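Working notes, beginning with the structure itself.
Derivation of every value follows stated rules applied to the coordinates shown; laboratory data play no part. Keep in mind that what you see is a predicted model, and the values were worked out from it rather than measured. Counting neighbours? That spans all protein chains shown, and the Cβs are built from the backbone with ideal geometry, glycine included.
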Amino acid sequence: MRVLILGGTTLTGPFVVRRLHGLGHEVTVFHRGRHEPDLPAGVRRLHGDFSRPPRELRSLEPDVAIHMWAMSEADAATFLDLFCGAAGRAVAISSCDVYRAYGRLQRLEEGPPDPIPLAEDAPLRESRYPYRAKTNLPVEIDVAQYDKILVEFALRAQSELPVTVLRFPAVYGVNDTHRFQPWLRAMESTTELKIADDFAQWRWTHGFAEDVAEAVVLAATNGRAAGQTYNVGETNTPSCAERVEELGRVAGWTGRVLPVPAAGLPEPQRLPLDFRHHLVVDTSRIRAELGYAEIVPREEALARTIAWEKTR
């Protein structure tokens, strides 16, 4: 197949590119040129602006176009304008922040917790633009326009280009947003790591970058995925206390995690979130329909991430 990937040069993308190339597909990567990862020699690289991609990309006539960086309604509209009638199918990366549970976690909406795990048909956020009030985000996005719900709505509002939507979890691994760094740094100086008790009980589905990339590969290479939406992530989601304990064990830390009332922690460690709302997603659909399974043992995934963090 001819596969065109928009983005794909930072966290999960390079794994997608290498895997597709290794399977014998003709892969072209269109990106901004800010990152130049080590990719196979046979992969074609093109540089440009996602908001104004050159019309010449249509001439590639990809069997599958994968958008790794569709962050706004405008991004989705540009993508559709470019590839409707030119690509056979599309895969777009969304996020589990589309669920209503996320809006309630962030206190953007009110209501009781939704039943977990959240399947693909779970209620979506009623609020929009969830990061407009945020500053110093660890990822580079236009907070004024970002909303994966609007991306999904735009992609689903047309029928000319079959689109598979993948709702990503919290992705970790080399080149991530340093999700584990605060905990690892704290472990260097203490044997009793205190975390807020409500946060300690909270659950948030994660996924290792190379594993999550495999979901993209399966969606791109399996025609059954056309028009479907899939959650991606680990099978079992531990509590945050359990996750930190597991991280410490793999890192060789011999201390313990101690949940305490948030009022007893320094102000920067008190998160203004409603941790009654868990972000645990049901990944059974992609496992049953596309045969998705993790390809990296969990302990190895954590060890590789820890080793990368220790070099920072």
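Data for the structure
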read-out	value
Counted residues, the range 28-52 - those being in contact with a helix residue (DSSP H, G or I) (Cβ under 6 Å, 6 or more places away or on another chain) and touching a residue at least 40 places away in the same chain (Cβ under 8 Å)	0
Of residues in the range 80-95 being touching a strand residue (DSSP E or B) at 6+ places or on another chain (Cβ under 9 Å) and small (Gly, Ala, Ser), the one nearest to His206 (Cα to Cα)	Ser95
Count of the range 80-108 residues which are charged (D, E, K, R), more than 18 Å from the chain's Cα centre (by Cα) and crowded, with 17+ Cβ neighbours inside 10 Å	2
Subset of the range 246-270 (residues that are among the hydrophobic types (A, V, I, L, M, F, W, C), assigned to a helix (DSSP H, G or I) and out of contact with any strand residue (DSSP E or B) (no Cβ under 6 Å at 6 or more places or on another chain))	Leu247, Val250, Ala251, Ala263
Filtered residue count, the range 285-302, keeping only those that are surrounded by fewer than 14 Cβ atoms within 10 Å (Cβ to Cβ) and part of a helix (DSSP H, G or I)	3
Subset of the range 208-245 (residues that are assigned to a loop (DSSP other than H, G, I, E, B) and closer than 20 Å to Arg298 by Cβ)	Val232, Gly233, Glu234, Thr235, Asn236, Thr237, Pro238
Failed item, numbered, when Val27 is tested on (1) under 25 Å from Val174 (Cα atoms); (2) in a loop (DSSP other than H, G, I, E, B)	(2)
Test for Asn231: is it polar (S, T, N, Q) and buried (at least 18 other Cβ atoms within 10 Å of the Cβ)	yes
Selection status of Arg156, basic (Lys, Arg) and surrounded by 16 or more Cβ atoms within 10 Å (Cβ to Cβ)	no
Cross-chain or 6+ apart pairs with Cβ under 6 Å, the range 220-240 first and on the phi > 0 side of the Ramachandran plot, then crowded, with 20+ Cβ neighbours inside 10 Å and of a type outside the set (Ser, Thr, Tyr)	Gly233/Pro169; Gly233/Gly207; Gly233/Val281
Restricting the range 32-69 to residues that are within 26 Å of Gly223 (Cα to Cα), out of contact with any Lys or Arg (no Cβ under 8 Å at 6 or more places or on another chain) and of a type in the set (A, V, I, L, M), the residue that is surrounded by the fewest Cβ atoms within 10 Å (Cβ to Cβ)	Val43
Output for the range 176-197, where each listed residue is over 15 Å from Leu247 (Cα atoms), surrounded by 17 or more Cβ atoms within 10 Å (Cβ to Cβ) and of a type outside the set (Asp, Glu)	Ala196
